[in-house]
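To start, the structure itself, in structure tokens.
The values are calculated or read from the model by the stated rules, or taken from the named source; none is laboratory data. The shown structure was predicted, so the numbers you read here are calculated from the model rather than taken from an experiment. Quick reminder, even Gly has a Cβ in these numbers, built from the backbone with ideal geometry, and neighbours come from all protein chains shown.
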Amino acid sequence: MARDRGQLEADVMRQLWDADRPRTAKEIQAGFGADAPAITTLLTVLDRLRRKGLVNRSDARTNITFSAAQSESDRVVESMLQSLQETGDRQAVLLRFAGDLDSSDAEVLRRALEGRTRRR
Amino acid sequence: MMIIALALASYALIMLLVGPQVLTRGGWRIFRPRLCLTLWYSIFLSGVLAAVGSGAIGIWLGWRIQADQPSYGADLLATTFGFRPTPGLDTVVRVTGIVLGWAALAVAGALISLVATRAGELIGDQRRLRADLDALVARSGYRRELVDGLPVTYIAGRNSIACSLGGLRDGVIVSAAIDLALTAGERRAIIEHERAHQRGAHLIFSRLAVLNRACFPGVRAARELTRATALLIELIADDAAARRCDRTELISALTKLGADGQNATLSLRAERLALAA
């Protein structure tokens, strides 16, 4: 199955964040299993990620390795959001693109959109 | 004076009961979020002012009944409602006035103390969050750029997060998952959404709603105000972002981020923007 560019970049980053040591392009390719992209595609992706600041490339002439430039933040963010959820103040101190909306807000939106679509 | 106090108290009560009834009905509020939020807060703030005014007059009347003149209460009833002053009525009004005055003072004191405590907690949470986010950026930040004067910091992470602290000087934090999944135009749309939150001082509305709910935890109007604020500020920010950048980019960003089905409101927000075009 063909991945889009963003998906391939995200998959490469996942491997690098999970890795306990820097990886060569070959090792990253092997990490994809049967669905592996071509090594040239992978090198292009790694170069793009390096330019974005997400990946570090070793200076070696042979056996070049790649590593995540920064450790991932997910666990820290999750615990931060969780602690705000517990105090009930998240909505009042942090603005998130996804908003602090739940299924009943989705229902309000759905009903309004259905009403508007019916009228059209 | 008593008539004014009663009228203000009645207005506050009517707004408390009628506001949620009117403002939670119909789909208009989804397509006119700014108008709906303005109405919510006009009703809320005028209701609060009316209640404060009524309480202040109540305290003042109680104080005058107690301290000013012995027959002030009976005179007040006589001039307001046409009661004939009698010695028995004078005592009853005097005692009732004193009790009501002190009760109003006690309620006002309790509410001020509650609001001050919750506001203090919110400020503490905000300070902690700012320190946490600074540490997060130092640990996981990998790129920083200025988008039309707004600092945007990208942090390493596989979850899709875009957030800000709401102040005009605060920047926006965007996770790598969004950086990788979206095009530059779509990312810009998200950043404009966050900018709209900051420019619209949306966090102030959220804080007022949270403080109001803390004062009246069981009251439907307070619950509905919190819920309406959370939804309406997102829709207002969507509309503002759609005006500042390409609407299709924002629709596309919302659709992509909502594609995993974990947050149904994202795709519905995209649908609303497409319908409103």
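A few comments on the model shown:
- From the options B:Glu186, B:Glu145, B:Glu194, residue that is charged (D, E, K, R) and touching a helix residue (DSSP H, G or I) at 6+ places or on another chain (Cβ under 6 Å): B:Glu186
- Elements of type helices (runs of 4 or more DSSP H) contained in region B:1-64, each with 3 or more residues being surrounded by 19 or more Cβ atoms within 10 Å (Cβ to Cβ): B:2-23, B:33-63
- Failed item in (1) farther than 30 Å from B:Ala274 by Cβ; (2) charged (D, E, K, R); (3) not in a loop (DSSP other than H, G, I, E, B), with A:Arg111 passing the rest: (1)
- Among residues of region A:54-78 being facing another protein chain (nearest Cβ under 9 Å) and among the polar types (S, T, N, Q), the one that is surrounded by the most Cβ atoms within 10 Å (Cβ to Cβ) is A:Ser73.
- Filtering region B:113-165 to residues that are out of contact with any Asp or Glu (no Cβ under 9 Å at 6 or more places or on another chain) and at positive phi leaves only B:Gly149.
- A:Ala98 vs. criteria of a type in the set (A, V, I, L, M) and within 11 Å of chain B (Cβ to nearest Cβ): yes
- Among the residues of region B:179-206, the ones that are at the interface with another protein chain (Cβ under 8 Å from one of its Cβ atoms), closer than 17 Å to B:Glu249 by Cβ and touching a residue at least 24 places away in the same chain (Cβ under 8 Å) come to 6 in all.
- Whichever residue in region B:212-248 is hydroxyl-bearing (Ser, Thr, Tyr) and touching a residue at least 12 places away in the same chain (Cβ under 8 Å) and, among such residues, is nearest to B:Leu39 (Cα to Cα): B:Thr229
- Hey, A:Ser83 farther than 30 Å from B:Ala274 by Cα, facing chain B (nearest Cβ under 9 Å) and without any contact (Cβ under 8 Å) to a residue 12 or more places away in the chain or not: yes
- Selection count where residues are within 16 Å of B:Ala270 (Cβ to Cβ) and facing chain A (nearest Cβ under 9 Å), scope region B:214-241: 4
- Residue that is farthest from the other protein chains (Cβ to nearest Cβ), among those in region B:254-266 that are in a helix (DSSP H, G or I) and surrounded by fewer than 19 Cβ atoms within 10 Å (Cβ to Cβ): B:Thr255
- Scanning region B:119-163 for residues being under 17 Å from A:Ala68 (Cβ atoms) and small (Gly, Ala, Ser) gives a total of 5.
- Residue count for region B:118-142 under the criterion of being within 24 Å of B:Ala181 (Cα to Cα), surrounded by 16 or more Cβ atoms within 10 Å (Cβ to Cβ) and without any contact (Cβ under 8 Å) to a residue 12 or more places away in the chain: the result is 0.
- Residue in region B:170-180 that is crowded, with 20+ Cβ neighbours inside 10 Å and over 17 Å from A:Arg96 (Cα atoms) present: yes
- Set side by side, the residues A:Ser58, A:Ser67, A:Ser73, A:Ser83 differ, and just one is more than 14 Å from the chain's Cα centre (by Cα) and within 30 Å of B:Arg128 (Cα to Cα), which is A:Ser83.
- Check on B:Asp148, surrounded by 13 or more Cβ atoms within 10 Å (Cβ to Cβ) and either out of contact with any Ser or Thr (no Cβ under 9 Å at 6 or more places or on another chain) or at the interface with chain A (Cβ under 10 Å from one of its Cβ atoms) (or both): no
- Flag for B:Arg25 being under 30 Å from A:Thr117 (Cβ atoms) and modelled with pLDDT of 90 or more: no
- Annotation: of all residues in region B:189-206 being surrounded by 22 or more Cβ atoms within 10 Å (Cβ to Cβ) and among the charged types (D, E, K, R), the one that is farthest from A:Leu95 (Cα to Cα) is B:Glu192.
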